[in-house]
Amino acid sequence: MTRAGDPIVVADDLVDAALRAAAALGKDVADVPVVAIAGEAGMSRSTLLRRLGGSRGPLDAAVCAAGVDPGGQPPVRLRALAAAAALISESGLVATTLDAVAARADCSVVSLHATFGGRDGLMYAVFERHSPILDFEEFFAHDHGDLRATVGAFYRVMVEALTREPRVMPALFAETFARPASPAAESLVGHAGRRMLGVVGRWLAGQVDAGHVRDEPVPILAQQLLAPMVFHLFTRPLAEKASVAVLPEVDTVCDVFADGFVRAAGVGHQRSSGA
């Protein structure tokens, strides 16, 4: 098993899959979506990212090592996306100014405006690259069994998607909770919130229609589903460092929260009205 800090070794079959996908699409490797490479390799997007350590960077490096120029997007764009993601993970959204990104990416602020159209455009691009939405879309595109099995499996997808490095999503959530009225938070929530609710909400609405979940407003059901795991994942590192308590394994946490959601929202699992 690869330990944190160990270099990622990319298997030849993944390099070959990336080259085949690039040839099929008529694009440079760096311009081929991760999901297309995953499909060519016969695996899911989330599995591919797991094998690459959470980022496609090792794959592009392995393609280079194989003697093929991965080509791709303009260097400023790649450097800026990596720099912005690292700054958000380390210092939060407020500290990720265009000046800070330009300094870290070794480019000018003018070039960032030319590439992204401004800070909002850069933030959207970072979100698209690190968002769990594609993981969720892929998950809900397939059947995973009954309500309890599906919720448990979904929580495991959440764990994988929200703990990848750089930890962009925790920082974005923290900004939203700490400064909900800030322009940055309002812009990102407006851009991403509707998409997230759309992905999860469609599945929940289907479960209501099928009689598996109580007929409650979908936003409330989405909060019941997402909030426990989001809160746990974002506070778990602090709890472990502070030795507040011995936390159960994450798999156990997924099972506990899945049982809780089914009891709270599942039809036939109504809560007791009295002690």
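The values are calculated or read from the model by the stated rules, or taken from the named source; none is laboratory data. Here the structure is a predicted model, which means the values were calculated and not measured. Reconstructed Cβ throughout: ideal geometry from the backbone, glycine too, with neighbour counts over all protein chains shown.
Listing for the model above:
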item	result
Residue in region 8-15 that is modelled with pLDDT under 85, under 28 Å from Phe136 (Cα atoms) and under 21 Å from the mean Cα position of the chain (by Cα) present	yes
Only one of Gly42, Gly57 that is closer than 24 Å to Arg167 by Cβ and surrounded by fewer than 19 Cβ atoms within 10 Å (Cβ to Cβ)	Gly57
Helices (runs of 4 or more DSSP H) (entirely within region 52-128) containing at least 1 residues that are among the acidic types (Asp, Glu)	57-65, 75-91, 98-105
Restricting region 206-240 to residues that are surrounded by fewer than 15 Cβ atoms within 10 Å (Cβ to Cβ) and among the small types (Gly, Ala, Ser), the residue that is nearest to Arg156 (Cα to Cα)	Ala227
